[in-house]
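The values are calculated or read from the model by the stated rules, or taken from the named source; none is laboratory data. From a predicted model like this one, the values you see are computed outputs, not experimental measurements. Reconstructed Cβ throughout: ideal geometry from the backbone, glycine too, with neighbour counts over all protein chains shown.
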Amino acid sequence: MHTFRSLSLALVGMILILACTGCSTLKELAPTSKDTSHITEWVAIPIFYRTNRAKKPDSGPFSFVEELSPDGRVFGVKNIVVPMPWHDPISKEMMDKLGWQAIHLEHGMGSNEVPAIPGKTALADRELSDKEIVPTFNEYRQKSGTQNALIFAHGCCANFDTSIERAAKVAAVTQEPVVLYDWVSPVGFVHYLKNETLVQQELDDFNKFLINLGKVIPASSTTLMGHSMGAMFLDNGLVRRCERGCQGSESEQYREVIFSNPDTDARSYLNHQELVKKNAKIVRVFFSPTDGRLKNSSTAHGGYPRLGRPETLLPDLCKLDGQDFIDVTSFGFGHEVPFTIVGDIHRTGKVSPDCGYTLSQDGAHLYTLHKAVASARERRLPAGNDLSFNQFHAHHEQCRCP
């Protein structure tokens with residue numbers, strides 16, 4: 001009886017923690033600002049996706065509800081419009097190869113508005129079967145000329161529209177074809193534990209997905225990226241892969257593994273990080289000691305630190321060769337993906353001087369992002385430019401990701 005009472009009190013305490021932190025955390029979980037009033041340059045990007053969400057009744061093929069699909073997994077490709085990366089524009093040659101469509105507006109739109117795609121896209125929106133998704137994406141990848149592919153697993157408490165938008169922003173800054181690994185993730189921090197359970201239920205499927213993908217697309221051309229709770233998929237899948245045989249047929253390393261604001265247990269990761277590292281040429285962890293969302297997650301998990309907010313475990317985590325920890329606190333995006341920084345480092349191994357930030361090395365495998373006094377882009381703005389100083393900063397604040 002005493003044990004039952006203790007468990008009941010613990011459950012009530014957990015609910016109160018989730019309820020009390022929910023309001024502040026919802027802001028952390030929200031996508032980047034959609035104040036589009038100063039944006040005139042956009043890009044439409046085809047994003048391939050796999051989801052286990054159920055289709056919304058009597059709606060189009062790309063509308064989903066927060067319930068498991070009774071038909072199993074659903075696959076497809078959909079063009080998503082996001083702001084063009086302002087500090088490092090994509091070349092026309094690359095746009096043509098990727099089948100991306102530039103959209104230019106004479107004037108910015110109203111807040112929260114996104115322009116329609118003019119005319120036909122190079123790759124039409126459509127659903128795909130489970131047998132079509134990988135070869136169709138592979139054909140698109142080969143035509144793009146990059147030969148690279150990026151698999152993006154989104155985080156907790158995000159609907160399909162938010163997740164595919166994030167995937168498109170990842171594509172824009174990395175300039176690579178992207179597949180979104182989408183999963184049922186009910187919105188709201190009060191559903192946090194439900195989200196975590198749904199991840200655990202999907203781990204086997206993600207593992208099979210990676211195996212099937214590896215039969216067609218070389219690991220050496222593939223980047224895996226997990227945001228927030230989505231990092232759990234990568235962490236578990238890579239450990240399993242190494243246990244199956246890091247020295248065997250699956251010894252080929254992934255091009256890169258990216259953990260962005262990872263919501264996984266830091267101690268558990270420390271215990272098996274060498275197994276994760278054996279799977280990739282480079283592992284990069286983007287973290288922040290002030291991530292409010294991960295502070296709440298740590299509280300919900302008994303006070304143990306999360307990988308994206310490692311606290312006292314950071315020195316031990318930074319000892320492994322081929323694995324870098326990058327503190328992106330100064331970027332000011334809280335728990336959101338630091339898109340611009342992730343894209344720059346992925347493509348060039350450094351931060352672009354036009355981004356307005358610099359990167360200092362504070363240890364063998366520890367880096368810190370710093371805001372520059374003025375970005376090169378700001379210094380180049382001529383007097384009388386149509387974009388006023390204040391407008392530029394408003395544009396920069398919401399466009400930087402991208």
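Quick test for you: out of Val276, Val342, pick the one residue that is without any contact (Cβ under 8 Å) to a residue 60 or more places away in the chain, under 23 Å from Leu224 (Cα atoms), in contact with a strand residue (DSSP E or B) (Cβ under 9 Å, 6 or more places away or on another chain) and among the hydrophobic types (A, V, I, L, M, F, W, C). It would help to see each step written out before you state the result.
Numbers: Val342 fails: without any contact (Cβ under 8 Å) to a residue 60 or more places away in the chain.
Exactly one residue qualifies, and that residue is Val276.
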Output the number of residues of the stretch 318-367 satisfying the condition of being in a loop (DSSP other than H, G, I, E, B) and closer than 20 Å to Thr290 by Cβ.
-> 11
The one condition Glu274 fails out of (1) under 30 Å from Thr329 (Cβ atoms); (2) surrounded by 16 or more Cβ atoms within 10 Å (Cβ to Cβ) is (2)
Would you point out which residue out of Val190, Val239, Val216 is surrounded by fewer than 22 Cβ atoms within 10 Å (Cβ to Cβ), farther than 17 Å from Arg50 by Cβ, of a type outside the set (Gly, Ala, Ser) and modelled with pLDDT under 95?
-> Val190
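So that you can scan it fast, the table gives a plain yes or no per residue for (1) modelled with pLDDT under 95; (2) outside any helix (DSSP H, G or I):
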| residue | (1), (2) |
| --- | --- |
| Ser251 | yes, yes |
| Asp263 | no, yes |
| Tyr269 | no, no |
| Leu275 | no, no |
| Tyr304 | no, yes |
All but one of (1) in contact with a helix residue (DSSP H, G or I) (Cβ under 9 Å, 6 or more places away or on another chain); (2) without any contact (Cβ under 8 Å) to a residue 24 or more places away in the chain; (3) not basic (Lys, Arg) hold for Leu224, so report the exception by its number.
-> (2)
Only one of these conditions is not met by Val285: (1) within 29 Å of Arg347 (Cβ to Cβ); (2) modelled with pLDDT under 95. Which number is it?
-> (2)
Does Val179 fit the bill of being over 23 Å from Gly343 (Cβ atoms) and within 18 Å of the chain's Cα centre (by Cα)?
-> no
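Within the stretch 207-237, track down each residue that is closer than 23 Å to Asp327 by Cβ, assigned to a helix (DSSP H, G or I) and touching a strand residue (DSSP E or B) at 6+ places or on another chain (Cβ under 8 Å). First the steps, then the outcome.
Narrowing the stretch 207-237 to residues closer than 23 Å to Asp327 by Cβ: 223-232, 234-235.
From what's left, assigned to a helix (DSSP H, G or I): 228-232, 234-235.
Scanning the stretch 207-237 gives Ser228, Gly230, Ala231, Met232, Leu234, Asp235.
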Unmet criterion (only one of (1) over 19 Å from Met95 (Cβ atoms); (2) touching a strand residue (DSSP E or B) at 6+ places or on another chain (Cβ under 6 Å); (3) outside any strand (DSSP E or B)) for Val134 | (2)
Filter the stretch 280-309 down to the residues that are within 26 Å of Thr222 (Cβ to Cβ) and not β-branched (Val, Ile, Thr), then identify the one that is surrounded by the fewest Cβ atoms within 10 Å (Cβ to Cβ).
-> Lys281
Which of the following residues is farther than 25 Å from Phe331 by Cβ, surrounded by fewer than 15 Cβ atoms within 10 Å (Cβ to Cβ) and among the hydrophobic types (A, V, I, L, M, F, W, C): Ala54, Ala124, Ala44?
-> Ala124
The stretch 310-344 - residue that is among the β-branched types (Val, Ile, Thr) and closer than 26 Å to Ser268 by Cα and, of those, surrounded by the fewest Cβ atoms within 10 Å (Cβ to Cβ) | Thr312
